[in-house]
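Since the structure comes first, as structure tokens, the remarks are kept for the end.
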Amino acid sequence: MPPAITRPAIVAVAHTLRSLREERGISLRQVARMAKISPSKLSNLENGTNRPEPMLVAYLLGLLGASKATLNRLKEIACRIDDADFFDPTGRDANLLRVGFEQWSTRVFEWSPTLFPERLRSDNYRNAIQRFDLPCTRTTEDDLVPSTHVSLASGPEVHHTFLLGEAATRPDACSPSVLDEQIEEAATVSKLLNISIGHVPASFCPPGLVEPFTLYENHAGAFAVFIRHHHGTAFLTNHISVTFYAKAAKWLQRSLTEAG
């Protein structure tokens, strides 16, 4: 179930609490007993269905042995708990929030007009685009939960849809042989996992017309958008932005042709 409150900062707090507890192999009931709160209250915090109380969150992080860096970062994020949108010039919390939002999604739609999406990239392709100084998300020691990474292993209940722009299938950022390998690997992955990959011709959507974005949806519809660019990352949950990008996703899919 998606959280009743989908504010990005609440998602960050919820996912951090759950990830730290699971990393330490402690059950929800054990932590609740140690914190002298009901298991349902802790469950609501981990699921993002309740607005977190700063003092309780700090106490729980202490019980879970969170690092000082994590405690300080959560304090910063807590100051933005009521913000519908979350802008981060450093991009350091991107993976944490992406994984958090995916936990409450039934479908994740990603539009990638010029490059293959990050999680579909082969090692050779990833190395090639790094040499071209193109943006690439990395996990760093500053991450709230260092082991957090974005993958396709979100479970069979989450369907991933990737749309590629025509420019992504041209050898502009890598050699033709690396691109051929990348296309073949993506086609293989699409047959094994709960994902679909489509190709949008430049005649329908020219490069630069629609920026890259990721849309998170549940049974009720779209509820959040992730945007990454050279100046940082943004997670949007305000109704106007989510509706705009949901319409953009539907428009792009009108031209969908299966890739690979």
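Each reported figure results from applying straightforward, stated rules to the coordinates on display, with no laboratory input. Worth saying up front: this structure is predicted, and the values here are computed from it rather than measured. Don't worry about glycine lacking a Cβ; one is built from the backbone with ideal geometry, like all the others, and counts go over all protein chains shown.
Miscellaneous remarks
- Cross-link reach is defined here as a Cα-Cα straight distance under 29 Å, omitting same-chain residues fewer than 8 places apart; for K191 the lysines meeting it are K247, K250.
- In plain terms, if you count all Cα to Cα distances in the chain and split them into 5 Å steps from zero, the share in each step is 1, 6, 13, 16, 18, 16, 12, 8, 6, 3, 1, 0, 0 percent.
- Dipole size of region 19-120 about its Cα centre, with +1 on Lys/Arg Cβ and -1 on Asp/Glu Cβ: approximately 560 debye, rounded to the nearest 20.
- Exposed loop sites, defined as chymotrypsin sites (Phe, Trp or Tyr not before Pro) outside DSSP H, G, I, E and B with at most 15 other Cβ atoms within 10 Å, are absent from the longest region of the chain, namely 1-131.
- Dipole check for the chain: with +1 at the C-beta of Lys and Arg, -1 at the C-beta of Asp and Glu, and the Cα centre as origin, the magnitude is about 940 Debye.
- Shown is the FRET efficiency for T49 and E157, computed with R0 = 22 Å from the Cβ-Cβ distance and rounded to the nearest 0.05: 0.75.
- D85 versus H219: modelled label distance in nm, points set 7 Å from Cα along the beta carbon direction: 3.1 nm
- Taking label points 7 Å from Cα along the Cα-to-Cβ direction, S40 and R126 give a separation of 4.3 nm.
- Across N127, N95, N238, mean-square fluctuation computed from a Gaussian network of the chain (C-alpha pairs under 10 Å connected) peaks at N127.
- Near S40, once Lys and Arg are set to +1 and Asp and Glu to -1 for all other residues with Cβ below 12 Å from its Cβ, the sum equals +1.
- Centre separation in Å (Cα based) which lies between region 196-260 and region 1-53: 30 Å
- The chain: most fluctuating residue of G198, G221, G25 per GNM, C-alpha cutoff 10 Å: G25
- Between the residues L215, H239, F226, the greatest Cα displacement towards the positive end of the dipole of region 162-260, with unit charges on the Cβ of Lys, Arg, Asp and Glu, is found for H239.
- Modelled spin-label separation between R29 and W251, with each label point placed 7 Å from Cα along the Cα-to-Cβ direction: 5.3 nm.
- Within the same chain, lysines fewer than 8 places from K41 are excluded, and of the rest, those with a Cα less than 22 Å from its Cα are K75.
- Local electrostatic count, R121, Cβ distance below 11 Å [Lys/Arg +1, Asp/Glu -1]: -2
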